[in-house]
Each structure stands twice: as C-alpha cells, then as structure tokens.
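Trainee: Below: one structure in structure tokens.
The values are calculated or read from the model by the stated rules, or taken from the named source; none is laboratory data. This structure is a prediction, so every number in the text was calculated from the model and none was measured. Cβ coordinates were reconstructed from backbone atoms using ideal geometry, including for glycine residues, and neighbour counts include every protein chain displayed.
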Amino acid sequence: MKKTLYTLCLLFAVTVASAQDINKIITKDYVDHLIKTLSGDEMQGRATFSPGIDKAATFIESEFKQIGLKPLAGASGYRQTFYKHQLKAASAQVTIDGQAIANDDILVVGHNSEQLTFDQSNSDGWVKLDPEKDFATQYRALSRSGKKQLVLVDAKFAEAFKRLKNTPVRTSMVDDPNPAKAMASVFILNKDNVVKDFKVELKNTVTKMPLFNVAGIIPGKSKAKELVIFSGHYDHIGIVKPKEGDSIMNGADDDASGTSAMIALAKYYKKLNNNERTLIFVAFTGEEMGMLGSRYFSQQLNPDEVVAMFNIEMIGKDSKFGKNTAFITGYDKSDFGKILQKNLEGTEFTFHPDPYTAQSLFYRSDNATLAAQGVPAHTISTDQIDTDKHYHQVTDEYKTLDVENILSTIKAIAKSAVSIVKGIDTPSRIPKLNQ
C-alpha cells in the first residue's frame, strides 16, 4: 500500500513539474522553426537519395547537437548509415526455340539480381496465361510468385501488356545484388508455345546507394537497458511533374510534423533529465520507399529490450474526433493507449482508437517492424486520411497546417508518456506476427 501511494505521489509530482516546464520548452516559435525548415522549398521535398534529404539530415543533426543528445552506442555521430543497391534494367534477351524475341514483346518483372540466366533445365519452366481469365489477376499472381519463369501472353492481352511495358518502373532497391535466390518473371507477348527450349539472359546495372537515419539518445538512469523510442520519418517524395506551377512535394504534414514533434520531445525530456529508461529519438529515412530506414533500425536492436515505441505521423490538422484529440494505431493490441490516456486524466486531450482500420495503418508506418516482433510500437496521428486532400500532393505545405493542433498533440504525448519514461508503467506486448 505504501509503495503504491509513493508511486502515485511521485507520478503526481512529475506531472505537475512537467506541466510547469512544458510551455516554456515546447513553444510555438520553436515548433514553427522546425516545421518551416523541414518543409521549406530548399529541402526539395526530401526525397530519399536526393541532396534535399541530406540537407534535412544535417538540420536534424544540428538540432540534436544543440539539445545535447548522445549518438547511438558505438556511433561517432548522429547518422546511422546503411546501404541499398539500386537495380536498373540494362538488357533482356530471350530466345524461344532458337528464335530471338523482339524487345517490345519482353516484359521483365521482379528481377532482383545483377544478372540472371536461365532456361528450362534450371528454372521453374514456362506457363501460359489463360485467355479466358482476367489478365490483371494472373499477372499479379505470377509477378509475386518468387520464381524464375517464362510467361507466355496471348495476343488478346496485347493492350494491357503494352500499357505495362510503357509504365515507368519504380527503381528496385535490394540489400544484396547477388542473392542466394535470384528470380524474375519474364512475360512474352504473341507466343503460344515452347516446343523445344527457351533461354533468358537478364542484366541490371547496380549502384550502391547510402541511406541514413538520424538518431540520438538520452541515457536512462536506473533502467538504462530498457528502451523507449520516439520517431518520425523525415523523407518525402521530392520533386514531381508541376501542378499549377508547383513541383515540390514539401511534405509539411507528412511527415515534417511528426519529425518536428520527435525533435521537440527530445528537447523536452533532455531538459527534464529525469528519465529512468533510455530514450531514443530517431528520424527515419525511406519510409515512402517501403519503410527502409525503420526496417534497418529495428534490425540493430534486441526487440525484447524495447519497452515502447511512439511513432508520430501526420499531426498537422484536427482529427475526426475534434480538437485536442489524436488516434493510436493498433490501440487494441496492447494497453499502450490506455496508459497514455490514464496519464492525461484531468487534461482536455484524449487519445482514441484508430478509426481507419480498413486502411491497415498499423502495419503501414515505421512502427510496423518492431510491432511485428512483439514490441508495443504504435503510431500516433491526427490525419483524416480518408478525406485529406493534401496527402501526397504538392499542396502539403506549412500554410495548410494547424500549428496549435501540432503543439497540443506534442504536449499531450510528452505528458502521457511520463509513466513509461519514468519506468513506472510497462505496456503489454503485442502478439508477434508469424514471419
């Protein structure tokens, strides 16, 4: 009983002190500075591998340094650098029964290696699309099959084939340009059969590309081996075809708002300097390319040591629940949300379960990799994603944001996380995904 009373008194004292300090530490001017800088035109939309994202990383590094964060263990600076290999199609040669196939009639999908040669003897063979069935359904299934195969396409599907052939291919990024299992589905138009044999020779050009998360820590005191992560992704889409004279995808809400929140929280907790658990603050790269940064980051951690993850994504406008509200993805998968809401009792801010479950947001953001490993890793957002006309548009600029909403959400996260940061509460684990 005495221990419980002491814990409650300690939590109350921390909450009162935090409330007194928070408005001085997390100010509108400071948050404005962060968001305006990250979403400014000079950042060129912060596309992964662009000069703009390098500028953004440098800015975040400078903020971490001013705050006084330490680099990750073993790191000399705040950049957590890793590499991907960019694959671009160089050539595709196919012969069927000794006849060379014209390039216009060859469509290569899923080639994941520098070069690949196969025939009937060392592949999954060949198949033919059923002309009586839907083309798109068959194409998707074969493209995702993970096989080395030749696919014959009936002339009936010529229009759909040509449309795919003329669609710009997204650059393929792989960890290993020479994987143990090389694969490719090679679609051939206007061939009905393979009588004797076939041969496929594919080549990609390979470029080693650096990526970098930006991460810093505030070491914990009595529970230093227990980790609490605050994150947001700082990449966006970059420069696109002009729309009404604007070609820069500034990404003010997506996710300069969340990244700014993460930096502001770092400043806040560093000023308080009373965290029993170690706090990690990280700006992820490559979210828009398939969560590349958070996947790499998560692989460097022991998930059993991560107590909780606060991933912050798009908090620049009121949520559908009104002012002073936000939603938490995967709310029912742990008691993370309930702990946060308990710590906000007596305030005007409330957290709610994700209202957009049909969109599977829980596994679509940077919390996903750690959540799949059982960590209570959740995303906090206010975006009305079903009606947001600025999402992934050139109009996602600072002027479309409600900075007061951002401020109230940051402060609510700061207050609601207090018992987790102090080591008083430990959220329940999420059921692991079968991987």
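Trainee: Do you know which of the residues in the range 294-328 that are outside any strand (DSSP E or B) and among the hydrophobic types (A, V, I, L, M, F, W, C) is surrounded by the fewest Cβ atoms within 10 Å (Cβ to Cβ)?
Mentor: Here the residue is Phe321.
Trainee: Another question, then. When the residues of the range 28-44 are filtered to those that are in contact (Cβ under 8 Å) with a residue 12 or more places away in the chain and within 17 Å of Lys411 (Cα to Cα), which remaining residue is surrounded by the fewest Cβ atoms within 10 Å (Cβ to Cβ)?
Mentor: Only one residue fits best here, namely Lys28.
Trainee: Inside the range 395-417, can you point out the residues that are aliphatic (A, V, I, L, M) and over 14 Å from Phe351 (Cβ atoms)?
Mentor: Scanning the range 395-417 gives Leu401, Val403, Ile406, Leu407.
Trainee: I'm trying to understand the selection: among the residues of the range 153-177, which are of a type in the set (Val, Ile, Thr), in contact (Cβ under 8 Å) with a residue 24 or more places away in the chain and either assigned to a loop (DSSP other than H, G, I, E, B) or farther than 21 Å from Gly293 by Cα (or both)?
Mentor: Result: Val153, Val169, Thr171.
Trainee: Inside the range 255-275, can you point out the residues that are on the phi < 0 side of the Ramachandran plot and of a type outside the set (A, V, I, L, M)?
Mentor: Asp255, Ser257, Gly258, Thr259, Ser260, Lys267, Tyr268, Tyr269, Lys270, Lys271, Asn274, Asn275 - these are the residues of the range 255-275 that are on the phi < 0 side of the Ramachandran plot and of a type outside the set (A, V, I, L, M).
Trainee: Quick one: Gly74 ticks every box in (1) at pLDDT 95 or above; (2) surrounded by fewer than 20 Cβ atoms within 10 Å (Cβ to Cβ) bar one, so which box is it?
Mentor: (1)
Trainee: Search the range 280-290 for residues being under 11 Å from Ile217 (Cβ atoms) and surrounded by 24 or more Cβ atoms within 10 Å (Cβ to Cβ), and hand back the single one that is farthest from the chain's Cα centre (by Cα).
Mentor: Checked the range 280-290; the qualifying residue farthest from the chain's Cα centre (by Cα) is Phe281.
Trainee: What is the number of the single condition among (1) without any contact (Cβ under 8 Å) to a residue 24 or more places away in the chain; (2) exposed (fewer than 14 other Cβ atoms within 10 Å of the Cβ); (3) not assigned by TED's automatic domain parsing to the domain that holds Met291 that Thr58 does not meet?
Mentor: Condition (3) is where Thr58 drops out.
Trainee: Please go through the range 352-393 and pick out each residue that is touching a Pro at 6+ places or on another chain (Cβ under 8 Å) and of a type in the set (Val, Ile, Thr).
Mentor: Residue satisfying the conditions is Val375 alone.
Trainee: Then there is this: Just to be sure I understand the filter: pairs with C-beta atoms under 6 Å, separated by 6 or more residues or on different chains, first member in the range 135-149 and in contact (Cβ under 8 Å) with a residue 12 or more places away in the chain and farther than 20 Å from Ala182 by Cβ, second member among the aliphatic types (A, V, I, L, M) and assigned to a helix (DSSP H, G or I). Which pairs pass?
Mentor: Listed by first residue and then by second, the contacts come to Phe135/Ala160.
Trainee: Still on this structure, please answer the following. Can you go through Ile339, Ile406, Ile420 and tell me which one is within 30 Å of Met43 (Cα to Cα) and not in a loop (DSSP other than H, G, I, E, B)?
Mentor: Ile406
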